[in-house]
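K.L.:
Have a look at this one.
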Amino acid sequence: MIKVSGLYKAINGQDILQDINLEVEDGEILVILGQSGAGKSVLLQHLMGLRKPDKGNVVISGVDITNLSERDLLRVRKNIGYLFQEGALYDFMDVYENLAFPLEEHTDLNEGQISQRIKNVLQTVGLEGVEGKYPVELSGGMRKRVALARAVILNSKILFCDEPTSGLDPIRSRDISDLIRNLSKQLQCTTVVTSHDVANSFRIADRLALIHEGRLIAVGIQGEIASSKDPFVRQFFKN
Amino acid sequence: MKHLIEYIFGFIIGLGNALFFLGEVLAHIVRGHVRIKEVLKQIYEQGIQSIVIIALTSFATGMVLALQGYLMLERFGAKEYVAHLVALSLVRELSPVFGALIFSGKAGAKMAAELGSMSVNDQVLATRTMGVDPVEFLIVPRMVAAFFVLPILVVLSEVLGIAGGYIVGISEANIPGSFYLNRTLAAVGYVDFFSGFIKTFFFAILIGWVCCYQGFKTRGGSLGVGRFTTRAVAFSYILIVLSNALLTKIILTLWG
Ligand SMILES: Nc1ncnc2c1ncn2[C@@H]1O[C@H](COP(=O)(O)OP(=O)(O)O)[C@@H](O)[C@H]1O
Ligand SMILES: [Mg+2]
């Protein structure tokens with residue numbers, strides 16, 4: 001379970017996150033919706049200790065990560081997969097090396113096992129025969145799939161995805177959304193996804209949260225959120 | 001006045017951060033967190049990057065030194081001293097300083113630009129999400145590699161510079177080849193060689209530090225990469241030239 005309580009963050013004197021309270025159950029998929037600049041990425045970065053909050057704390061599987069040292073955090077993060085908005089694959093490595101990297105760092109698998117694991121995970125995300133390609137040679141959609149493969153390759157039980165559909169056309173957006181949902185359920189991951197894409201969020205989510213100007217203004221299952229009385233929430237879901 | 005205080009304050013904070021960064025790098029090295037495979041890759045890349053331009057520059061510089069030196073020395077009837085002039089100028093000052101300047105313009109710029117684009121594309125952050133320390137994985141290998149590559153390049157530069165002088169010496173000044181070589185070997189003493197060579201290690205640390213630090217803290221998209229890379233090279237140049245003056249003074253005082 002992931003639990004965020006009373007989280008505040010200001011960057012350069014500007015309030016970015018204010019009084020964030022949030023719980024994500026084991027195995028649940030939560031989508032955090034919000035407009036660009038609402039604070040989604042910054043919130044996600046707090047969830048894995050990439051940033052320190054000014055106030056409040058983040059508890060992951062019973063461990064309060066708020067005050068851990070970077071060294072301890074590195075250990076915690078091994079068990080969390082993170083899909084970056086632009087993929088953030090190493091551009092000096094080909095696909096195979098990118099996927100092998102976490103395995104070489106954190107497992108004792110031999111070369112044969114690593115290559116087998118990479119083949120399997122690429123199959124899971126619907127890619128084949130791209131092992132020798134460099135990230136620049138892949139389309140945006142393929143890059144995201146490879147990045148997703150990298151995020152789950154260690155069988156992490158927690159998966160964070162930052163705007164998985166941004167920059168993709170409608171069909172690829174749907175495909176990657178379905179892929180994330182299926183993968184997450186298959187691997188029984190506790191998953192947090194950020195998005196500004198309402199339609200696909202409904203496809204992915206068990207539960208949704210709406211963030212606006214650094215505050216969570218609605219949290220609930222689809223029906224609850226869609227029938228909210230709050231004018232901003234209604235406005236957001238209208239378009 | 002207020003601006004000046006702010007400026008000085010900002011400078012001190014910046015220097016503090018840069019020193020903290022260097023401390024982090026050294027801590028990894030001391031603890032033996034050095035990835036040999038990455039270091040070898042960086043040695044290869046940095047070496048390949050700079051070797052041709054350093055070789056050409058050194059060879060040409062050696063020739064020019066010999067041409068000018070021969071004309072001047074001949075007036076005093078001491079043209080055979082041209083071998084001295086070439087070898088000592090190169091070994092004591094020119095090769096270490098020019099080598100370092102060229103190295104920072106090629107390998108240093110490469111380090112800053114690569115790390116900068118990795119910073120703005122979230123690859124540095126991604127390294128942390130995968131449970132790996134980016135300083136250990138991305139910075140330490142580059143700095144360790146520079147520490148070995150620059151001194152090697154400088155020695156190569158000295159040899160090629162002397163070769164350039166040799167060619168001018170035997171063809172233009174009609175100095176017999178074996179005589180020229182003997183003169184060169186006699187001219188360059190232990191102190192001469194090492195007073196220049198020691199400096200290359202300082203320069204290597206300086207270039208690695210400045211360029212990696214600027215790359216690592218790059219923000220602001222592709223514009224930022226350009227800005228921080230140029231700044232990295234400019235800082236390296238200034239620091240090389242200034243520290244060279246200081247180091248030369250120290251070495252000459254201690255060693256003669
Ligand atoms: N490193 C930073 N420095 C300054 N401001 C930042 C930084 N990161 C994010 N912000 C600001 O925080 C706010 C939220 O950003 P972000 O979480 O990236 O939004 P999004 O919801 O689009 O992901 C924005 O106003 C952004 O300008
Ligand atoms: Mg974002």
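All of the numbers you see were taken from the coordinates with simple rules; none came from a lab. Fair warning: this is a prediction, and the values are worked out from it, not measured in the lab. When we count neighbours, we look across all protein chains shown, and the Cβ atoms used for this are built from the backbone with ideal geometry, even at glycine.
K.L.:
Tally Lys and Arg at +1 and Asp and Glu at -1 over the other residues with C-beta under 13 Å from the C-beta of A:Asp91: what net charge comes out?
P.N.:
-4
K.L.:
Let me ask another. Based on the Cβ-Cβ distance from A:Lys55 to B:Leu56, what FRET efficiency comes out when R0 is 51 Å, to the nearest 0.05? Please list the in-between numbers first.
P.N.:
Working: r = 60 Å, r/R0 = 1.17.
Taking R0 as 51 Å, the efficiency between A:Lys55 and B:Leu56 is 0.30.
K.L.:
Which three extents, in whole angstrom, do the alpha-carbon atoms of segment B:36-255 cover along their principal axes, largest first?
P.N.:
Ordered largest first, segment B:36-255 gives principal extents of 69, 35, 30 Å.
K.L.:
Just want to confirm a number: the relative contact order over segment B:36-255, from Cα pairs under 8 angstrom separated by 6+ residues, in percent.
P.N.:
35
K.L.:
Now a separate question. What's the long-distance tail for segment A:1-102, i.e. % of Cα pairs beyond 19 Å?
P.N.:
Value for segment A:1-102 (Cα pairs over 19 Å): 49 percent.
K.L.:
How much of the DSSP beta bridge set in the protein assembly as shown is antiparallel, as a percent to the nearest 5?
P.N.:
Approximately 55 percent, going by the DSSP bridge assignments.
K.L.:
How far is it, in nm, from the label point at B:Tyr190 to the one at B:Leu223 when both lie 7 Å from their Cα along the line to the Cβ?
P.N.:
Once both label points are built, they end up 5.8 nm from each other.
K.L.:
Picking from A:Leu22, A:Leu30, A:Leu159, which is most flexible by a Gaussian network model of chain A using Cα springs under 10 Å?
P.N.:
With Cα springs under 10 Å in chain A, the top fluctuation among A:Leu22, A:Leu30, A:Leu159 is at A:Leu22.
K.L.:
Further question on the same structure: Only Cα pairs within less than 10 Å get springs; with that Gaussian network setup on chain B, which residue of B:Gly99, B:Gly62, B:Gly131 has the largest fluctuation?
P.N.:
B:Gly131
K.L.:
Find the Cα radius of gyration of chain A, compare it with 2.2 N^0.38 Å by division, and give the number to two decimals.
P.N.:
Working: Rg = 17.8 Å, N = 239, 2.2 N^0.38 = 17.6 Å.
So the Cα radius of gyration is 1.01 times the expected 2.2 N^0.38 Å.
K.L.:
Follow-up. Report Rg(Cα)/(2.2 N^0.38 Å) for segment B:78-130, keeping two decimals.
P.N.:
For segment B:78-130, the normalised Cα radius of gyration comes out at 2.05.
K.L.:
Extending each Cα 7 Å along its Cβ direction at B:Tyr7 and A:Met93, get the distance between those two points in nm, one decimal.
P.N.:
4.4
K.L.:
Still on this structure, I have one more. Taking H as built 1.01 Å from N, whose amide H comes closer than 5 Å to the amide H of A:Asp54, not counting residues under 5 places away?
P.N.:
Close amide H contacts, sequence-distant or interchain: A:Tyr8, A:Lys9, A:Ala10.
K.L.:
How far is it, in nm, from the label point at A:Glu137 to the one at A:Ser166 when both lie 7 Å from their Cα along the line to the Cβ?
P.N.:
2.8
K.L.:
Right, here's the next one. Test of understanding: what is the full-extension gain from A:Arg71 to A:Gln113, defined as 0.36 nm times their sequence separation minus their Cα-Cα distance?
P.N.:
Values: separation 42, 0.36 × 42 = 15.12 nm, distance 2.82 nm.
Extending this stretch completely gives an extra 12.3 nm.
K.L.:
Another question, if that's okay. Hey, got a sec? Which trypsin sites (Lys or Arg not before Pro) in segment A:157-239 land in a DSSP loop and have at most 10 other Cβ atoms within 10 Å?
P.N.:
Those that pass, being in a loop and sparsely packed, are A:Lys229.
K.L.:
Translational D (Stokes-Einstein, µm²/s) of the protein assembly as shown at 4 °C and 1.567 mPa s when Rh comes from the Kirkwood sum over C-alpha pairs? Numbers along the way, then the final one.
P.N.:
Numbers: Rh = 26.0 Å.
D, rounded to a whole number, is 50 µm²/s.
K.L.:
Note down the net charge around A:Asp206, summing +1 for each Lys or Arg and -1 for each Asp or Glu among other residues with Cβ under 15 Å from its Cβ.
P.N.:
Spelling it out: positives minus negatives among the neighbours equals -2.
K.L.:
Now for a separate question. What range in chain A is the longest one free of GluC sites (Glu not before Pro) that are in a loop by DSSP and have at most 16 other Cβ atoms within 10 angstrom?
P.N.:
No qualifying site falls inside A:26-127, the longest such stretch.
K.L.:
Would you mind calculating the gained length between A:His106 and A:Gln188 on full extension (0.36 nm times residue separation, minus the Cα-Cα distance), in nm to one decimal?
P.N.:
Answer, rounded to one decimal: 27.4 nm.
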